Every structure is written in C-alpha cells, then in structure tokens.
C-alpha cells in the first residue's frame with residue numbers, strides 16, 4: 001500500500017508529507033498557498049536551516065536575505081557550479097573544472113564562464129550574488145528544466161548540462177546617440193557629426209532581453225536537484241495547452257521545455273515620437289503553454305535603446321490608437 005499522501009503545490013513532487021517541509025524543494029507543508037487572481041502562485045521562501053536530501057548527500061539552506069547552500073557531500077558524490085558561487089570548502093572536497101561541450105561560447109561581464117565541480121566527502125558551501133531566495137528545483141528521470149543564464153547556483157552531477165540559444169533577440173543600428181528611428185524625418189545638425197561617429201552609429205547591435213542562452217538541465221537515470229538564485233520573491237504558474245501570458249523578459253527564472261516564447265512589443269499612443277526614438281515602446285515576452293514557468297519580482301530591467309529595429313526574432317505587436 002502506498003504511503004504517499006502529499007503532493008507539493010510548488011515543485012509538484014509527491015512525498016509522505018510527514019515532515020514540516022517538502023523533502024524535494026523545502027517549501028513548508030502547512031503554509032497557506034498564496035495565488036493571485038492572475039494565476040501566479042508565490043513560492044514560499046525556504047525557512048532558515050531547511051534540510052534537503054539528494055541521494056546520499058544533503059544540503060542545508062541557512063539565512064534568509066542572501067541564503068547559503070551548505071552541502072554535506074558523501075564520498076564520491078559530486079556537484080557542479082559557476083565558479084563565482086563558491087564560498088568555501090573543506091580540504092577533503094576536491095575541486096576541478098567541468099568539461100564543457102561548447103567552451104568559449106559563454107560569457108559573463110565580458111569574461112568566459114567557468115564551471116567547476118566539487119567532489120566529496122566533506123562540506124562545501126555556495127551563495128548567489130542576489131538578495132532574494134534560493135529555489136530548489138527537483139528533476140526526475142526523463143524530465144528537464146530550462147533556466148535563464150546566470151541564475152544557476154549549483155546542481156548535482158547526475159544531471160546533464162547543456163545550453164541553447166534563447167531565440168529571443170532584436171538588432172538595432174546605432175545606440176540612440178546618432179542615427180536612430182525616423183532619421184529621414186529630420187537631418188538638422190547631422191553635418192556636425194564627423195565620419196567616425198557616423199560609422200559608429202551605423203554598426204548593428206544585437207540585444208537579448210532575456211539573455212542569449214537558456215541552460216537545460218536533464219535527469220537521466222536518477223533524480224537530481226538544481227538550486228538557483230532568485231531576486232526578491234519568486235512566483236510560478238502552470239499554463240494550459242494554448243494558454244499564453246505576457247511577462248517582462250528579464251524576470252523569467254525557469255520554464256518547462258514544453259513552454260514556447262517570443263517577443264511582443266506594445267506601442268501605446270502617448271506623447272511625441274522624436275526623430276531619434278520611438279518615444280513609447282515596451283518589450284514583453286509572450287510565453288505559451290503547456291508547462292510551468294517561474295519568475296522573480298526583483299530584476300535588472302532590459303535597457304531598450306529606443307532606436308528602430310533592424311531585425312528581430314519571431315514577434316507580435318500591438319499599436320494602441322485612440323479614435
């Protein structure tokens with residue numbers, strides 16, 4: 001007879017429900033679920049000293065504002081992580097570089113992304129450079145999760161790691177300091193711009209509102225665990241088949257591989273459209289179900305240069321006019 005009595009409303013995993021928190025993601029079992037009228041469910045932050053089991057190893061989450069993930073690794077168990085997430089490790093924990101299938105294609109702040117491994121036995125601790133929450137995402141065999149770049153804190157080594165183009169982008173000519181939208185409408189003062197400035201403004205610039213890549217984590221034969229950092233509070237939502245929702249691109253944390261997405265541009269009818277700028281333009285990301293998505297409440301906004309689109313990925317738009 002099965003003893004499973006509880007299905008976590010946040011990570012969707014089943015357990016006996018005998019403990020005070022979900023053994024898979026750390027969400028409190030007895031907390032009242034908070035769901036907005038729009039269908040977003042707030043992920044409750046893991047309580048200080050929450051304990052999660054990952055095979056023979058375990059992790060304890062300490063702190064609340066900028067939480068620390070303190071792993072107790074069993075002999076032979078291994079994790080991988082971006083190198084800047086490491087806080088400390090016991091001398092018995094062996095560190096090494098993670099072999100990557102596509103090296104020198106990922107960058108952060110202009111420097112190549114370095115992934116490292118930690119192998120037990122011993123304790124090793126990690127922290128994300130974001131004031132907010134640590135979110136645990138369990139991945140069952142045969143399943144996968146897509147996570148936006150630079151959100152990863154640490155993952156168990158039995159989960160495979162790869163990345164692919166997000167497919168959400170647009171390009172512009174110039175950066176708003178020279179030729180921009182409506183350049184044919186007004187040439188006043190252009191004679192004062194020298195040839196070097198003109199060449200600089202004519203360069204094509206590529207923009208990735210949600211990041212150039214998505215990280216994909218897949219479990220093969222055994223369950224695994226991925227920990228990510230979220231700014232502020234985190235929310236999840238299940239999209240039905242064909243259901244869509246608009247979100248700000250930088251706010252996306254993770255999604256199921258079944259969820260598709262594309263850019264959506266809103267043009268409200270307000271104010272003047274100057275020759276160097278579209279004046280009012282708002283970039284959104286439309287995400288289509290079926291599948292689960294997660295977002296964060298505190299994020300760095302995408303800097304839209306405001307100049308004409310040269311080209312862009314698949315997109316829709318809405319131009320609001322008044323009669």
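Here the range 145-164 is scanned for amide nitrogen atoms under 19 Å from the site 7 Å beyond the Cα of residue 95 along Cα-to-Cβ, giving 152-157. Legend: ranking of residues 124, 93, 114 from fewest to most surrounding C-beta atoms inside 10 Å; resulting order 114, 93, 124. What FRET efficiency would be calculated for the residue pair residue 320, residue 171, taking the C-beta separation as r and a Förster radius of 30 Å, to the nearest 0.05? Given R0 = 30 Å and the Cβ-Cβ separation, E is 0.75. Taking label points 7 Å from Cα along the Cα-to-Cβ direction, residue 75 and residue 62 give a separation of 2.6 nm. Here the residues 88, 40, ranked from fewest to most Cβ neighbours within 10 Å of their Cβ, fall in the order 88, 40. Using 0.36 nm per residue and subtracting the Cα-Cα separation, the extra length available between residue 288 and residue 310 on full extension is 5.4 nm. Per-residue Cβ neighbour counts within 10 Å put 73, 220, 239 in the sequence 220, 239, 73, beginning with the fewest. The distance separating the Cα centre of the range 288-323 from that of the range 42-94 comes to 35 Å.
None of the figures in this text is laboratory data; all of them are computed from the coordinates on show. Keep in mind that what you see is a predicted model, and the values were worked out from it rather than measured. Ideal geometry is used to build each Cβ from the backbone, glycine not excepted, and the neighbour counts take in all protein chains shown.
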